[in-house]
Amino acid sequence: MKKLVAGNWKMNLLPSQVSDYSKSFLAEVGKLDGVDLLLCPSDTALPAAVEAFRNSRVRVGAQNMHSTRSGAFTGETSGEMLADIGVTHVLLGHSERRHVFGEDDELIYAKLVLAHKLGLKPILCVGEKQEQRESGSTEQVLREQFEGSLGRVSNELLAATIVAYEPVWAIGTGLTATPEIAQQAHRFLRSLLGEKLGEAASTVPILYGGSVKPANAAELMSQPDIDGVLVGGASLKPDSFAAIAKATL
Ligand code: 13P
């Protein structure tokens with residue numbers, strides 16, 4: 001499988017900055033065909049990003065969606081609205097959604113099912129907090145998050161999902177997981193996938209996220225169960241995000 005390099009801009013960059021970003025980024029990576037590329041801008045920058053990356057190798061994803069199709073949910077964005085403008089992927093269960101906005105596995109599960117129904121490719125994020133790692137409960141936390149969402153969908157939908165391992169202590173902290181620590185968690189997630197999917201577990205991409213930079217991306221992605229990266233801060237500049245994409249080759 002090709003590596004997937006995905007960027008999560010979080011609540012950064014303006015719609016008016018997308019055009020310059022896309023020109024610089026595509027100048028660097030437009031011809032790299034050994035890697036899959038995805039960018040997840042804020043909702044207001046999505047239309048500009050879909051337009052700027054049309055006919056390019058870069059797909060555009062959203063950072064979140066509501067758990068229902070439509071209705072009286074002031075301030076929310078539905079998956080149907082995202083799909084309608086040409087968005088192809090959606091991040092679900094990101095640690096900031098879980099821990100800042102209080103999303104639980106039940107809600108994330110509902111979003112996962114709906115994303116598949118709407119034809120949006122979900123990237124379901126899991127990961128332990130620092131105190132959970134320190135108390136030795138990393139695998140228990142990953143199992144609970146897995147069983148609360150991913151493990152409840154049909155095997156067909158599970159096989160069509162992308163998983164992202166993002167240890168909360170590594171997000172935005174500069175404290176990247178070592179390749180060994182990341183690989184260990186990825187192998188565990190692969191074994192959870194294997195309990196449901198058997199051999200087909202090897203075809204589900206598992207991305208690593210948490211302080212990925214040009215300097216550490218290649219070593220992380222050389223691990224056998226790390227199929228790509230989900231990049232926050234280092235995706236905000238086209239040159240550093242392009243350097244990470246090139247690190248896959
Ligand atoms: P950083 O790369 O800024 O640590 O963010 C990781 C992340 O949360 C990507 O979704």
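To keep it simple, each residue is scored yes or no on (1) within 16 Å of the ligand (Cβ to nearest atom); (2) within 24 Å of Leu13 (Cα to Cα); (3) out of contact with any Asp or Glu (no Cβ under 8 Å at 6 or more places or on another chain).
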position	(1), (2), (3)
Pro179	yes, no, no
Gly198	no, no, yes
Ser211	yes, yes, yes
Ile226	yes, no, yes
Val229	yes, yes, yes
Gly232	yes, yes, yes
Asp239	yes, yes, no
Residues of region 100-136 classified as open to solvent by 20 Å² or more (accessible area, probe 1.4 Å), within 20 Å of Gly7 (Cα to Cα) and in a helix (DSSP H, G or I), total: 0
Across (1) of a type in the set (Val, Ile, Thr); (2) closer than 28 Å to Asp33 by Cβ; (3) in contact (Cβ under 8 Å) with a residue 40 or more places away in the chain, Val168 clears everything bar (2)
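Can you tell which of Ala49, Ala27 is touching a Phe, Trp or Tyr at 6+ places or on another chain (Cβ under 9 Å), farther than 22 Å from Glu103 by Cα and in a helix (DSSP H, G or I)? Walk me through it before giving the result.
On the way: Ala27 fails: touching a Phe, Trp or Tyr at 6+ places or on another chain (Cβ under 9 Å).
Step by step, each of Ala49, Ala27 is checked, and only Ala49 is touching a Phe, Trp or Tyr at 6+ places or on another chain (Cβ under 9 Å), farther than 22 Å from Glu103 by Cα and in a helix (DSSP H, G or I).
Looking at Leu158, Leu112, Leu124, which one is away from the ligand (no atom under 16 Å from the Cβ) and in contact with a strand residue (DSSP E or B) (Cβ under 7 Å, 6 or more places away or on another chain)?
Details: Leu158 fails: in contact with a strand residue (DSSP E or B) (Cβ under 7 Å, 6 or more places away or on another chain); Leu124 fails: away from the ligand (no atom under 16 Å from the Cβ).
From the options Leu158, Leu112, Leu124, the qualifying one is Leu112.
Being in contact with a Gly (Cβ under 7 Å, 6 or more places away or on another chain) and either over 28 Å from Ala234 (Cα atoms) or open to solvent by 20 Å² or more (accessible area, probe 1.4 Å) (or both): is that true of Ser149 here? Before the answer, list the steps.
On the way: in contact with a Gly (Cβ under 7 Å, 6 or more places away or on another chain): yes; either over 28 Å from Ala234 (Cα atoms) or open to solvent by 20 Å² or more (accessible area, probe 1.4 Å) (or both): yes.
Criteria met by Ser149.
The values are calculated or read from the model by the stated rules, or taken from the named source; none is laboratory data. Everything quoted here is computed from the prediction, not taken from an experiment. As a convention, Cβ positions derive from the backbone with ideal geometry for all residues, glycine included, and neighbour counts pool all protein chains shown. Each accessible area value is taken on the protein alone, full model and side chains, heavy atoms only, with ligands, DNA and RNA left out. Shrake-Rupley method; radii C 1.70, N 1.55, O 1.52, S 1.80 Å.
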